[in-house]
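Only one structure is covered here, and it is reproduced in the block below.
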Amino acid sequence: MHPVENAPANLSRVLSPIAIGPIHIPNRVVRTGHGTGIGKGTMNPALIAYHVERARGGVGLTIIEALAVGTSAYPFLVSGAPGLVEGYRDLVALCAPYGMKIFQQIGHLGNEIPELDGSPPWSSSDSVGAMVGIPSQAMSLAQMDFLVECYVRAARDCADGGLDGVELHMAHGYLLQQFLSPLYNRRKDAYGGSFENRMRLPVRLLEAVRAAIPETMALGVRLSSEPFEGGLSPEDIKCIADHFADRGLIDFLNLSSGTDYNPHKIIGAMHEPAGYELEGDRPAAHASKVPVIVTGRFRTLEEAEQVIREGDGDLVGMTRAHIADPAIVRKTIEGRTDDVRPCIGCNHGCIGGLLTGGQIGCTVNVAVGLEATLSEDLIGPSENPRRVLVVGGGPSGLEAARVAAMRGHTVVLAEASPHLGGAVNIAALAPRRAGIADIVHWLEREVRRCGVDIRLSTYVDAEDIADYAPDAVIVATGSLPRLDGAQHRSPGLLARGMDHASVVSSHEVLTEGSNRNWGSRAVVFDDTGHYEAVAAAEYLVARGLAVTFVTPHKSFAPGLEPALSDEAALERLAADGNLRLITYGELLSVGDGGVEVRHRFGGGAFHVDADTVVFVSHNAPNRDLIDGLADAPFPVIAVGDVRSPRYLQTAIREGHMAARSL
Ligand SMILES: Cc1cc2nc3c(=O)[nH]c(=O)nc-3n(C[C@H](O)[C@H](O)[C@H](O)COP(=O)(O)O)c2cc1C
Ligand code: SF4
């Protein structure tokens, strides 16, 4: 049955079809372009499976990640790559039964990346891109002609592959925005200066692509404003969109925010609310002469419905939401909104995975990029149903229990505390981090729905387990903060005075909260470079303390950089002038009135006043149970932090894979 035939009445707008130029889109839910790295440059079977899984989930329109044209060393899909057009054809054929329409984004990074042969990046003028920091060369007229040919070739490939449309990437500070924006474009010829001149190359490209694709395909652009002095304002974006629409060059307008100078606005993390981009979109969106796509942390069809009802957009991007759960539309139509696995906005698995490992994953969805083997739909009953005991009700144990129960095992989940969720419950107490708990709430609902026998406030040791005699045990007992003064960048150094009353863990800061007097000055020592120390600092700054953040790393919270969360956190922390940052720092000792610190590469020790000293280092695994089960006569699998304290993504993945292995 076609999804919209079942549309719940309160979702009548978002589930209604819409025409984008000649293309009929079955509903208003869009996956906007997102680099995955799955295809390794082309539309390979894994990338096809990734998209087909989401077509099956009911999304109306997918815009495929940017296709690199010309000689730009763009990392995602590459125009002319072997197998690209054949891959498009397979993708189109496999998605056709589900009604999802497919556009291809085409782009060039301009000054953000050198050319493939190592020569300087291209741009409108000589500017320096935020990512590579290499001065670009101003494009010659011959290079512009070449670029037009490249776009035309790429668009023809899309047509040959049977795609439904093309989007030219003019957002995020990349090449075409570098022509549109006076921030970069300082040319004195016909391609710079006045508004018309800055529009000239983008207009040429749109005209050329329009002429190259059949009338049965749609054409549009993605635009974003620049919150910098002299950059493109939201009103400028409206003028640009009008200019294109008035000339009949676009069938749709896709609005985004941010550039590579403020990438945390392109892919806003957990601290941003749903719809955080809308304010900047409104001038263009409200006046648009063509259908508008808006985006920004939308996760439910109810939110999308509201956007359309308020007139803020005609279609709504739900990109990360679909990375986390491919079947949002289908589940919602079936009345199973509670079953939708929530994107928590952590940015670690998706953009973090792309920037560190060259391919996206997802913290909450293990199957991303591996749909052919790990799709949730492929979890079938075990041939050998067993009695499985899972010890530990944090995210790793919950995921293990969920998947084991889905496989038909009889599952008991024992948790020593009165609550499920483990360390995530503490992380969620930090300012702007409540959303991280969404995943454990979802997991808890799922394990209950799957019939897992949950035993709270139940501490089990090796003897209890021997009495229960399970067929297999999954140990997910997690880890605990370590306050021993050891610092991983300074082997052999143990800070003295760690038993001083002022020394606390980040867990204590967040759990004791306003029940304790933290004084007026704090030192937060961050050995991990991840979120724990940032969370404690943010909590204390919010309570009015002056915080000195000491880290042995070369920058603030480097573990958050790939998740585009370090600068956003620093911006918040520094806003009131109550933050002092010491990088390359070593903590020498804690005593009455504060700490002694020194720089790792020289200089003498110096004193920092503090009433509270938060020490954050790598946790210690909680191994008591796993060590006690060394000689157990049944399989024992350790998952998550008890193996080695790491991240939420690893915890969930290991729990998942352990349950699949039984
Ligand atoms: C891993 C990842 C890669 C992205 N790559 C692109 C891209 O190639 N082109 C683009 O226009 N936007 C890209 N984006 C931005 C998304 O299209 C979207 O604007 C952003 O994720 C916010 O929408 P959401 O909150 O619905 O996820 C990317 C986002 C993610 C998470
Ligand atoms: S990694 Fe985090 S932000 Fe990215 S899709 Fe998954 S849950 Fe959402």
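The numbers here are math on the coordinates, done by the rules we state, and not lab data. For clarity, every value in this text was computed on a predicted model and none was experimentally measured. So basically every Cβ, Gly included, is an ideal-geometry build from the backbone, and we count neighbours across all protein chains shown.
So here's what we get for this one:
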quantity	calculated
Inverse mean reciprocal Cα-Cα distance (Kirkwood Rh) of region 95-179, Å	14.1
Neighbourhood net charge (14 Å Cβ-Cβ; Lys/Arg +1, Asp/Glu -1) for LEU579	-2
Two-decimal log10 I(q)/I(0) for region 3-374, as the Debye equation yields it once each C-alpha is a single scatterer, q = 0.15 Å⁻¹	-1.39
Part-to-part distance (alpha-carbon centres) for region 6-80 and region 252-327, which is given in Å	15
Set of lysines near LYS238 by C-alpha distance (under 30 Å), chain-local residues within fewer than 8 positions excluded	LYS101, LYS188, LYS265, LYS289
Spatial separation of Cα centroids for region 98-149 and region 557-582, in angstrom	30
Per principal axis, descending, Cα span of the chain in whole Å	74, 65, 46
Debye log10 I(q)/I(0) at q = 0.17, 0.19 Å⁻¹ for region 600-662, Cα point scatterers	-0.74, -0.84
Cα gyration tensor, region 418-461 - rounded (a/c under 1.5), prolate or oblate	oblate
Region 222-263, relative contact order [Cα under 8 Å, separation at least 6], %	53
Sorted by Cβ density within 10 Å, fewest first, the residues VAL366, VAL85	VAL85, VAL366
Within the chain, longest stretch clear of exposed GluC sites (Glu not before Pro) (DSSP loop, no more than 13 other Cβ within 10 Å)	384-662
Using a Förster distance of 30 Å, the FRET efficiency for ASP260-ARG309 (Cβ separation, nearest 0.05)	0.35
Antiparallel DSSP beta bridges within the chain, percent to nearest 5	20
Mean projection area, nm², convex hull over Cα of region 195-266	5.3
Distance (nanometres) between label positions extended 7 Å along Cα→Cβ at GLU215 and GLU196	2.9
Equivalent ellipsoid, region 503-618 (semi-axes from 5 times Cα gyration tensor eigenvalues, Å)	19, 19, 12
Prolate/oblate/rounded label for region 551-652 (Cα gyration tensor, a/c 1.5)	prolate
Point-charge dipole on Cβ atoms (K/R +1, D/E -1) for region 170-275, about Cα centre, debye to 20	320
Alpha carbon centroid spacing (whole Å) that separates region 597-662 from region 394-422	20
Fewest-first sequence of TYR539, TYR468, TYR184 by Cβ atoms within 10 Å of each Cβ	TYR468, TYR539, TYR184
Exposure proxy order (Cβ contacts within 10 Å, fewest to most) of LEU629, LEU301	LEU629, LEU301
Computed E for ALA19/ALA372 - FRET, C-beta separation, R0 30 angstrom, nearest 0.05	0.35
Karplus (6.51, -1.76, 1.60) ³J(HN,Hα), θ = phi - 60°, over region 184-195, in Hz, Gly and Pro reported as x	9, 7, 10, 5, 10, 9, 5, 10, x, x, 5, 4
Total charge dipole magnitude, the chain, about the Cα centre, Cβ charges on Lys, Arg, Asp, Glu only, Debye to nearest 20	640
Shape call, region 356-463: gyration tensor on alpha carbons, a/c limit 1.5	oblate
³J(HN,Hα), Karplus 6.51/-1.76/1.60, whole Hz, each residue of region 577-591, x for Gly, Pro	x, 9, 10, 10, 10, 10, 9, 6, x, 10, 8, 8, 7, 10, x
Those residues of region 441-465 whose amide nitrogen sits under 11 Å from the label point placed on PHE634, 7 Å along Cα→Cβ	465
Mean separation of Cα contacts under 8 Å (6+ apart) over length of the chain, as relative contact order %	11
Estimated 222 nm signal from helices in the chain, with DSSP H stretches of n ≥ 4 weighted -39500 (n - 2.57), rounded to 500	-9000 deg cm²/dmol
